[in-house]
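Data block below; observations after.
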């Protein structure tokens, strides 16, 4: 097998390939141009989006050319794959703004140089399509029966599939055709929920251009207990630091299950595979491995300085050392402590509970800690006497969520 394919297989990326032997032979002959698409339906990528882009970097490092296709055109329709109901439509202006945010996030991670990797936007060829011409030239090559055989459509037939969504596969297939024509793109990669769309695009190119192209998919990454990787109590693990702080981002990886450490080291870092296996080997310090995992992924997404700060904050919270200023921090009025800060209000204001009811349950269940002591009386206020000489104290909710409170 071609070394680039061996690498992504060894690191856990390879799920399905339309012709692994043929693709391997093509890669042996020289650089292959490939693409990954993502629709900017929100203001930030999340870590689940990033699996193909980690693979992109491995393939690029092996000499191949990667295209990150921003779907400002397809986002106007909405991909039904993996969804149980129709996506909410958003304005064209919002889609374009999201696409620019996506492009900046991907550029920081991938490093678009215009030669070995670059971005494109399918709005350039989809936005002004003539509907009648598109149906004649492209739609005529699609079989409705064939389309309905793909899992993405079959799964939606019971809950309802709009005609608008039904067109999505045609548009994604047309993307592959356009990238083949414009850049000689021979390979599309993506999550395994994109298998049907990828195969349809391959068939379209074969019918119209008579060319052989390929498709390769990656597993939808799940934790060992069957949950979708990257899901947190606050929602998805976003790349935007305003939506998921670098500290919370780091803590997600620091707190993964022991059983997931090796898989995540292989997929979400660029450490040599032998080092990944050593870090997560039986008898090794699994907490040190998690710490390394958290630092590596945070550095890749947010930079080394933020990774260092997150690590220091975690050490301050959990190990008694490190830099407390790197912990999640809330500045609250000193006068509230002088008067006796109601503990339920304090946990809400510090962001450790969304409501007073949630804070009350936290106290009643023994999960609320103030300055390292369990707070058992929901009616007892937190006074200024608990503040340190620096006017600070640390709150904890459960085992893993901390907040440094600074009284001003």
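Since every read-out is calculated from the coordinates, none of them should be taken as a lab result. Since the structure is predicted, the reported quantities are computational estimates derived from the model, not experimental observations. We place every Cβ from the backbone using ideal geometry, glycine too, and count neighbours over all the protein chains shown.
Stretched out straight at 0.36 nm per residue, the stretch from residue 329 to residue 286 would grow longer than its current Cα-Cα span by 12.7 nm.
Ranked by the mean number of other Cβ atoms within 10 Å of their residues, highest first, the peptides 102-111, 305-314 fall in the order 305-314, 102-111. With a cut-off of 8 Å between alpha carbons and a minimum separation of six or more residues, what is the relative contact order of the stretch 3-218 in percent? Computed over the stretch 3-218, the figure is 29 percent.
Can you tell me the relative contact order of the chain? Whole percent, Cα pairs under 8 Å, sequence separation 6 or more. Please list the in-between numbers first.
On the way: 637 pairs, mean separation 56.4, N = 408.
Dividing the mean separation by the residue count of the chain yields 14 percent.
Fully extended, how many nm does the chain gain between residue 308 and residue 389 (0.36 nm per residue separation, minus their Cα-Cα distance)?
Values: separation 81, 0.36 × 81 = 29.16 nm, distance 2.62 nm.
Stretched out fully, the residue 308 to residue 389 stretch lengthens by 26.5 nm.
Binning at 10 angstrom from zero up to the longest distance, how are the C-alpha pair distances of the chain distributed in percent? Percent of Cα pairs in each bin: 4, 20, 26, 22, 15, 9, 4, 1. Extending 7 Å from the Cα toward the beta-carbon at both residue 242 and residue 164 defines two label points whose distance is 2.7 nm. Seen against the Cα atoms of the chain and their longest principal axis, helix 20-29 is set at about 80 degrees. Spacing of the modelled spin labels on residue 220 and residue 371, each 7 Å from Cα toward Cβ, amounts to 4.9 nm. Angle of helix 168-183 to the longest C-alpha principal axis of the chain, folded into 0 to 90 degrees and rounded to 10: 70°.
For the pair residue 406 and residue 101 in one chain, pulling the backbone fully straight at 0.36 nm per residue adds 106.5 nm over the alpha carbon distance. Taking the longest Cα principal axis of the chain as reference, the axis of helix 51-61 is set at about 70 degrees.
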